[in-house]
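Report on the following structure.
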Amino acid sequence: MPRDIHFELTHEMVENIETYSQLLKKEPNTILKEALELYFETQQKRLFEKNMNDENAMTNLDYDEFWDGIDL
């Protein structure tokens, strides 16, 4: 379901989009879409790494300390 989102771009950003649009022969919408996709991909990786670090922080025991005294 499409939804309107209001955002503002600085004059410098608009000029950069126009410049790269001409240099790369791409529509401004394509440039913005690619930039957002890269942003989301980067943030997803960052959140994944943070979650992994948080999981690893749940214990301060190393492997040997954790399994010490366990007979398998």
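When the residues of segment 1-17 are filtered to those that are open to solvent by 100 Å² or more (accessible area, probe 1.4 Å) and assigned to a loop (DSSP other than H, G, I, E, B), the one that is farthest from residue 35 (Cα to Cα) is 1.
Just name the residue that is modelled with the lowest pLDDT out of those in segment 18-69 that are open to solvent by 100 Å² or more (accessible area, probe 1.4 Å) and not in a helix (DSSP H, G or I). Step by step, filter segment 18-69, then rank; the result is 58. The residues of segment 23-59 that are more than 17 Å from the chain's Cα centre (by Cα) and more than 19 Å from residue 10 (Cα to Cα), listed by number, are 23, 24, 25, 26, 54, 55, 56, 57, 58, 59.
The values are calculated or read from the model by the stated rules, or taken from the named source; none is laboratory data. Quick caveat: nothing in here was measured; it's all calculated off a predicted structure. Accessible surface is based on the protein model in full, side chains and every heavy atom, while ligands, DNA and RNA are left aside. Shrake-Rupley method; radii C 1.70, N 1.55, O 1.52, S 1.80 Å.
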